[in-house]
Structures are given as structure tokens and as C-alpha cells.
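Only one structure is covered here, and it is reproduced in the block below.
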Amino acid sequence: QVQLVESGGGLVQAGGSLRLSCAASGSIFRLNAMAWYRQVPGKQRELVAAIYSGGSTIYTDSVKGRFFISRENAKNTVSLQMNSLKPEDIAVYYCNAVDDISHYWGKGTLVTVSS
């Protein structure tokens, strides 16, 4: 089992920055990837960014060049640096981790961007 706890959400003005962090505990040595997803009411949860065990990363097109995912293995954390935030980035952001058995999810953290 893996437990994930997000932090760092909040309210920011358009153009501003926020940094989300996710602390992982449990059987983290089996993880193949960690990621951030986001969801707005009435829409499917979408992948924002992912980082794989080898260090490679992927981003959804709408955040490329603005968001950056990183993993700090020594602290068992994954972070999402979000720059140049836009109102369309408003969502609940969820931390996700994947091993050979399952997906694991945090409870989410709300990001609000004022225009």
C-alpha cells in the first residue's frame, strides 16, 4: 500500500505561481511512476504531468512550458511547480502513484486562479 498526502494548493492571481507537493509513504520502493492529475466538476480527471522511475517526464499540452514536475527520492516527495497560472487551471489537483499492482490517490488539493 502507498499513502499520498498533497499540500500547497490555494488561491493565486492569474499569472502567478504555486507549488504543489505530495508526500508518499508505504511501499514506495515499488513505484513505477508518480503523477499529478486534475479534475473540475462535471469533467473527467485528466493527467497533468507524470514522472517515471527513470526520470523521464510527460505533460499535457495545455501546461507544457508552464508546469514542471520533479521528484525528490530522498524525501519521498513529488512536486508540481505551476507558473503563469490561468483561470482554466482551476481544479482539484490529485497526486497519483502507480506500481505493478494498483494506482494510488491522494485526497486532492484545490487550486483557484483569480482573473
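Scanning segment 57-77 for residues that are modelled with pLDDT under 95, surrounded by 15 or more Cβ atoms within 10 Å (Cβ to Cβ) and not in a strand (DSSP E or B) yields a count of 1.
The C-beta contact set for segment 95-112 (first residue on the phi > 0 side of the Ramachandran plot and of a type in the set (Phe, Trp, Tyr), second residue open to solvent by 30 Å² or more (accessible area, probe 1.4 Å) and in a strand (DSSP E or B), distance under 7 angstrom, 6+ apart or interchain) is empty.
The rows are residues; the columns are (1) open to solvent by 50 Å² or more (accessible area, probe 1.4 Å); (2) in a strand (DSSP E or B); (3) of a type in the set (Asp, Glu).
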site	(1), (2), (3)
Phe29	yes, no, no
Arg38	no, yes, no
Gln44	yes, no, no
Val48	no, yes, no
Ser79	no, yes, no
Asp100	yes, no, yes
Lys107	yes, no, no
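Within the option set Asn73, Asn83, being farther than 15 Å from Leu110 by Cα and without any contact (Cβ under 8 Å) to a residue 24 or more places away in the chain holds for one residue only, Asn73.
Among the candidates Gly54, Gly15, single out the residue that is on the phi > 0 side of the Ramachandran plot and exposed (fewer than 14 other Cβ atoms within 10 Å of the Cβ). Walk me through it before giving the result.
Details: Gly54 fails: on the phi > 0 side of the Ramachandran plot.
Result: Gly15 is the single residue among Gly54, Gly15 that is on the phi > 0 side of the Ramachandran plot and exposed (fewer than 14 other Cβ atoms within 10 Å of the Cβ).
Taking first residues from segment 41-54 that are closer than 11 Å to Asn96 by Cβ and among the charged types (D, E, K, R) and partners that are modelled with pLDDT of 95 or more and surrounded by 13 or more Cβ atoms within 10 Å (Cβ to Cβ), the Cβ contacts under 6 Å between residues at least 6 apart in sequence or on separate chains come to Arg45/Tyr37; Arg45/Gln39.
The values are calculated or read from the model by the stated rules, or taken from the named source; none is laboratory data. Treat the numbers as computed from the prediction; the structure is a model and nothing was measured. Positions of Cβ are generated from backbone atoms using ideal geometry, with glycine treated the same way; all protein chains shown enter the neighbour counts. Remember, those area values only see protein heavy atoms, side chains included, never the ligands or the DNA or RNA. Shrake-Rupley method; radii C 1.70, N 1.55, O 1.52, S 1.80 Å.
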